[in-house]
Structure formats: structure tokens, C-alpha cells
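> Starting off with a structure, shown below.
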Amino acid sequence: MPEVKLSAETRTEFGKGAARRIRREDKVPGVLYGHGAEPVHVTLPGHDLLMALRTPNVLISLDVDGKTQLAIPKAVQRDALRIGILKHVDLLLVRSGEKVTVEIPVHTEGELAPGSNLLENVLNTLPVEAEATHIPTEVTVSIAGLDAGASILAKDIPLPAGSSLAIDEDAVVIQVLAAQAEEAPAEGAADDAAAEA
């Protein structure tokens, strides 16, 4: 996974007013925590952070007041009304070689068996444990030829080298359902409706 370099400044102002001022300057308030250290409140560049967060579980090389640290996003608050506006971010400190638990997106490829089958993604993301500097960006699952009643369990999904499941291996990730035909109204109900008209 590529590393994204960002510069951050420590901040001493807190509260809604301070957060609004930070966001007006196209910056995002955040907290950097982990490894038993006291949380550090930081301000990050808004546009650069938004671009970095397009990659799930992005590894960020953070320059905080001249000291470089590695971190991954753990919680991101976005503006509910304005697209592309970040309100706050929590970053977890990590070290090279350290294992972390993250959720990676599950993508499907291929076509289901012919017929009226429906694909249900029971889990859109898969919890895995991976080395902090080698977090997979996604897993891809083939659904080619699957028919109604088929399911794919967590243990059936091939994981990248160095990753392991952080969920019950028998958890259903994807299942194929038979499409339900719409039931025609009962004859008596149709007659009643006609009589009322």
C-alpha cells in the first residue's frame, strides 16, 4: 500500500468555535492516539486529507511539528449535507511490523448463474488482521456461476499474504437468493375491488 505524506500542526484550541475556525481555513481537526501515549490534537490540511482518505485504510506518514509518525484513519466524521467536507478525523499510531485489525472492502466479480437470482452482500467489508504497513486495499470474490442458495463464507475468501481473518471463519459474507415472484391478488379480493369501483 502506498504511503501518503501529510503535515500536521498540534493545536491547543478546542470546542465548536475552534473547530469551525479550523474548517474555514480548509483544515480538519483531528486526534492522533495509540501506543499508550497521550492523545495529540492536530490540525490537518483539508484537501490533502480528503484525497488520502479515498483509499480505505490508507497509511499516512504524518509530520507533526518536525517528527514523523505512521498512522491509519480509525474514525472519520463527514459533513452530512456538504459533500467533500470533513469535520474530524481520529488517527491511530502504528509501527512498521505491527499488526492491526482493519475492515477491507469486499468486491465481487463475475456473473451469477442464469435466472432470477439476487446477490446479497451480507458484509460489505471484511475484518482482517494485517501488518500496518501492508494493509490490503480490498478483497475480490468470484461469484461466477453461483445459483440461488449458494453462499460464500469468510474462510472461502482468498486473503493477501500476511493477512488473517479477524472474524468467525464461518461468517456468511455473500449469499445468493432466489428472486421472489410477486403474488397475484386472491380471486375474492379482485372481485371485491371490482365491486367497490
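The values are calculated or read from the model by the stated rules, or taken from the named source; none is laboratory data. Model, not experiment: these values are computed from the prediction. Heads up, the Cβs are rebuilt from the backbone with ideal geometry, glycines too, and the neighbour counts pull from every protein chain shown. The area values use the complete protein model at the heavy-atom level, side chains included, leaving out ligands, DNA and RNA. Shrake-Rupley method; radii C 1.70, N 1.55, O 1.52, S 1.80 Å.
> Working only within the stretch 166-187, note down all residues that are in a loop (DSSP other than H, G, I, E, B), at pLDDT below 90 and small (G, A, S).
Once the filter is applied, which keeps residues that are in a loop (DSSP other than H, G, I, E, B), at pLDDT below 90 and small (G, A, S), the stretch 166-187 yields A179, A181, A184, A186.
> With the stretch 71-165 as the region, which strands (runs of 3 or more DSSP E) entirely inside it contain at least 1 residues that are over 16 Å from the mean Cα position of the chain (by Cα) and closer than 26 Å to P39 by Cα?
Here the list reads 86-94, 99-109, 125-131.
> Going through I60, I85 one at a time, which residue ends up being among the hydrophobic types (A, V, I, L, M, F, W, C), in contact with a helix residue (DSSP H, G or I) (Cβ under 9 Å, 6 or more places away or on another chain) and open to solvent by 40 Å² or more (accessible area, probe 1.4 Å)?
I85
> Tell me, yes or no, whether the stretch 7-29 has at least one residue that is β-branched (V, I, T), in a strand (DSSP E or B), touching a residue at least 24 places away in the same chain (Cβ under 8 Å) and surrounded by 17 or more Cβ atoms within 10 Å (Cβ to Cβ).
There is at least one residue in the stretch 7-29 that is β-branched (V, I, T), in a strand (DSSP E or B), touching a residue at least 24 places away in the same chain (Cβ under 8 Å) and surrounded by 17 or more Cβ atoms within 10 Å (Cβ to Cβ).
> Restricting attention to the stretch 138-174, and to residues there that are surrounded by 15 or more Cβ atoms within 10 Å (Cβ to Cβ) and small (G, A, S), which single residue is nearest to S96 (Cα to Cα)?
Checked the stretch 138-174; the qualifying residue nearest to S96 (Cα to Cα) is S163.
> Going by the structure shown, is A52 within 24 Å of A166 (Cβ to Cβ) and either open to solvent by less than 20 Å² (accessible area, probe 1.4 Å) or under 18 Å from the mean Cα position of the chain (by Cα) (or both)?
yes
> Next up: Would you check if there is a residue in the stretch 138-157 being within 26 Å of A71 (Cα to Cα), touching a helix residue (DSSP H, G or I) at 6+ places or on another chain (Cβ under 9 Å) and not hydrophobic (A, V, I, L, M, F, W, C)?
no
> For the structure I just gave you, tell me whether T68 is in a strand (DSSP E or B), open to solvent by 70 Å² or more (accessible area, probe 1.4 Å) and either over 30 Å from L146 (Cα atoms) or modelled with pLDDT under 80 (or both).
yes
> For H88, all conditions in the list (1) touching an Asp or Glu at 6+ places or on another chain (Cβ under 8 Å); (2) within 25 Å of T55 (Cβ to Cβ); (3) in contact (Cβ under 8 Å) with a residue 60 or more places away in the chain hold save one; what is the number of the exception?
Against the list (1) touching an Asp or Glu at 6+ places or on another chain (Cβ under 8 Å); (2) within 25 Å of T55 (Cβ to Cβ); (3) in contact (Cβ under 8 Å) with a residue 60 or more places away in the chain, H88 comes up short only on (1).
> Pairs only if they're at least six apart or on different chains, beta carbon under 6 angstrom, first in the stretch 146-166 and closer than 30 Å to Q180 by Cα, second charged (D, E, K, R); list them, first residue then second.
Cβ pairs passing all conditions: L153/D170; A154/E169; K155/E169.
> Going through the stretch 35-48 one residue at a time, which ones are open to solvent by less than 20 Å² (accessible area, probe 1.4 Å), modelled with pLDDT of 85 or more and in contact with a Leu (Cβ under 7 Å, 6 or more places away or on another chain)?
Within the stretch 35-48, V42, L44 qualify.
> Starting from the stretch 123-137, keep only residues that are within 8 Å of V102 (Cα to Cα) and open to solvent by 50 Å² or more (accessible area, probe 1.4 Å), then list their pairs with residues that are β-branched (V, I, T) and in a strand (DSSP E or B) whose Cβ atoms are within a distance under 6 Å, requiring at least 6 positions of separation or different chains.
Filtered contacts from the stretch 123-137: E129/T101.
> For the stretch 32-49: of the residues being farther than 26 Å from G84 by Cβ and not in a strand (DSSP E or B), which is farthest from the chain's Cα centre (by Cα)?
Out of the qualifying residues, it is G36.
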